[in-house]
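Worksheet for the structure shown next.
The values are calculated or read from the model by the stated rules, or taken from the named source; none is laboratory data. Quick caveat, the model's predicted, so the values are computed rather than measured. For neighbour counting, all protein chains shown are included, and Cβ atoms are generated from backbone atoms with ideal geometry for every residue, glycine included. Accessible surface areas use protein heavy atoms only, side chains included; no ligands, DNA or RNA. Shrake-Rupley method; radii C 1.70, N 1.55, O 1.52, S 1.80 Å.
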Amino acid sequence: WLQRHLNNALPNASIAVINRGIGGQDAPEELARLYQDVLMLRPTLVIWQAGANGAIRDASPAAFKILVQEGLSELKAAGADVILMDNQRAPKILASPEHAQMDEALKEVAVAAGVNLFSRGALMDEWARNGATQDDFIAPDGLHMNNLGYFCLAQAMGTAIVTALQQPLAAQIAKAK
């Protein structure tokens, strides 16, 4: 869905969206396979969502933060742009006392590293303010998004990426005038 959205919005660009996420993994496992599964592809942009499984497993937010910082350093050294994405508002994640700390750690790392943070949590909070329920976007397992949730997430993420790509162009045009 994300690739379709980006291809429609940017028809002259060559875009391939490759999902390297593995269910059940979090920052330690993701970092261990970062080179082989991500960097070897020489990506232009990496969207990295982490923290949900760590929160569910009561992982240390401080240790999580260090791992994400390390991964960001590797991604940036390879020349990739990065978007960190925080966690969905799902019952199993919300039941964890660490979930808010994991999201805050991602936010702090994003600011310190100068990378973008796409707040899936804030997006889902907005959906809730507009009358949506968790059942509208979360699968029966109480953890993952359902098809509608992933579709809406892809639309919002795609719009954010396209907007960010067009802003430098708009600034250049305004400067040239």
Scan of the range 104-119 for residues that are of a type in the set (Val, Ile, Thr) and open to solvent by less than 50 Å² (accessible area, probe 1.4 Å), ordered by number: VAL109, VAL115
Residue list for the range 120-140, restricted to those being within 13 Å of CYS152 (Cβ to Cβ), surrounded by fewer than 15 Cβ atoms within 10 Å (Cβ to Cβ) and touching a residue at least 24 places away in the same chain (Cβ under 8 Å): ALA128
Restricting the range 141-170 to residues that are out of contact with any strand residue (DSSP E or B) (no Cβ under 8 Å at 6 or more places or on another chain) and over 20 Å from ARG4 (Cα atoms), the residue that is surrounded by the most Cβ atoms within 10 Å (Cβ to Cβ): LEU143
Members of the range 64-115 found to be assigned to a helix (DSSP H, G or I) and acidic (Asp, Glu), listed by number: GLU70, GLU74, ASP103, GLU104, GLU108
Check on LEU72, open to solvent by less than 10 Å² (accessible area, probe 1.4 Å) and farther than 24 Å from PHE151 by Cα: yes
Residue in the range 36-49 that is surrounded by 14 or more Cβ atoms within 10 Å (Cβ to Cβ) and acidic (Asp, Glu) present: yes
Which listed residue is farther than 24 Å from ALA160 by Cα and surrounded by fewer than 19 Cβ atoms within 10 Å (Cβ to Cβ), from ALA55, ALA63: ALA63
Near pairs, Cβ below 9 angstrom, 6+ apart or cross-chain, from the range 11-25 (modelled with pLDDT of 90 or more) to any residue that is open to solvent by less than 70 Å² (accessible area, probe 1.4 Å) and in a loop (DSSP other than H, G, I, E, B): ILE18/VAL38; ILE18/PRO43; ARG20/ARG33; ARG20/VAL38; ILE22/ARG33; GLN25/ARG33; GLN25/ALA50
